[in-house]
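Novice: Okay, handing you the structure first.
The values are calculated or read from the model by the stated rules, or taken from the named source; none is laboratory data. Remember, predicted model here, so these are calculated numbers, not experimental data. Heads up, the Cβs are rebuilt from the backbone with ideal geometry, glycines too, and the neighbour counts pull from every protein chain shown.
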Amino acid sequence: MAAVARLQHASRFSSLPFLYPCLATVSANASGSTRRAMMSAYKPSPPTPSLEQALPTLQSPPLVLPSVTSLSPDAAAPQTAARPPPAPKPEKPRPVLRPTKAALTITPSAVARLSTLSQAPTPQLIRIGVRNKGCAGLSYHLEYVEKPGKFDEVVEQDGVRVLIDSKALFSIIGSEMDWAEDALSAKFAFKNPNIKDACGCGESFTVGH
């Protein structure tokens, strides 16, 4: 019975194209447009260019700089604005050289005596110093030496030499050395402009500056 029912149902619907031909045309047209839409949907799209292929069109050509060797030797050098010459510096005034005070001057008589001592079989030099002695405080001290000390002041005059102790230079500078003889004694005497006070006998003195 079920099979008979299906056959009847199929025969009923199979007669529809004959009864309604417009439905068949619409169905055919609809199926064709549907197929075209489906075919266009499945149509492959053109491939897009890759990043590597697109970059050359975006990049600018490399800038080529000329090397030093490729430059022409006749090429003009860049000109710079000429600078004015520097103004001359003002000359500084030269210092005036003043003669310094001699440490010691020697009289002709003292030179003669010193020359005699230098011609002795054992030449000796006189070294002048000062010591704390006497009632005034300081007194001259003379001694014979063979050579100058490390800090001695050497005074040369008229071919003779006299040494001054560095510790006594402050008290003796500017003095005059003389050779004095009398009936009782013969000795070197000094005229010292630095003496402020001296004892009665003249053996000791005090200096002041």
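Novice: Identify all residues within region 120-130 that are surrounded by fewer than 14 Cβ atoms within 10 Å (Cβ to Cβ) and either modelled with pLDDT of 90 or more or over 13 Å from R161 (Cβ atoms) (or both); write none if there are none.
Specialist: Hits for region 120-130 are A120, P121, T122.
Novice: Can you tell me which of (1) surrounded by 10 or more Cβ atoms within 10 Å (Cβ to Cβ); (2) in a loop (DSSP other than H, G, I, E, B); (3) at pLDDT 80 or above is the one G134 doesn't meet?
Specialist: Every listed condition holds for G134 apart from (3).
Novice: Moving on to the next point. For F205, which of the numbered conditions (1) hydrophobic (A, V, I, L, M, F, W, C); (2) in contact with a strand residue (DSSP E or B) (Cβ under 9 Å, 6 or more places away or on another chain); (3) surrounded by fewer than 16 Cβ atoms within 10 Å (Cβ to Cβ); (4) at pLDDT below 90 fails to hold?
Specialist: Every condition holds for F205 apart from (3).
Novice: Within the bounds of region 182-189, is there any residue that is part of a strand (DSSP E or B) and of a type in the set (G, A, S)? Outline the logic, then answer.
Specialist: Initially, region 182-189 is screened for residues part of a strand (DSSP E or B), giving 186-189.
Retained after the next criterion (residues that are of a type in the set (G, A, S)): 186, 189.
Yes, region 182-189 contains at least one residue that is part of a strand (DSSP E or B) and of a type in the set (G, A, S).
Novice: If you don't mind, there's one more thing I want to ask. Residue check: is G149 farther than 20 Å from P108 by Cβ, in contact (Cβ under 8 Å) with a residue 40 or more places away in the chain and either out of contact with any His (no Cβ under 6 Å at 6 or more places or on another chain) or among the aromatic types (F, W, Y) (or both)? Reasoning before the result, please.
Specialist: Working: farther than 20 Å from P108 by Cβ: yes; in contact (Cβ under 8 Å) with a residue 40 or more places away in the chain: no; either out of contact with any His (no Cβ under 6 Å at 6 or more places or on another chain) or among the aromatic types (F, W, Y) (or both): yes.
So G149 does not fit the description; no.
Novice: Hey, does region 102-114 have a residue that's more than 16 Å from N192 (Cβ to Cβ) and either modelled with pLDDT under 80 or part of a loop (DSSP other than H, G, I, E, B) (or both)?
Specialist: Step one: of region 102-114, the residues more than 16 Å from N192 (Cβ to Cβ) are 108-109, 111-114.
In the following step, the residues that additionally are either modelled with pLDDT under 80 or part of a loop (DSSP other than H, G, I, E, B) (or both) were identified as none.
No, region 102-114 has no match at all.
Novice: Can you list residue pairs whose Cβ atoms sit under 6 Å apart, with the first residue in region 171-188 being surrounded by 15 or more Cβ atoms within 10 Å (Cβ to Cβ) and the second being at pLDDT 90 or above and assigned to a helix (DSSP H, G or I)? Count only pairs 6 or more apart in sequence or on different chains.
Specialist: M177/A110; D178/A110; W179/S109; W179/A110; W179/R113
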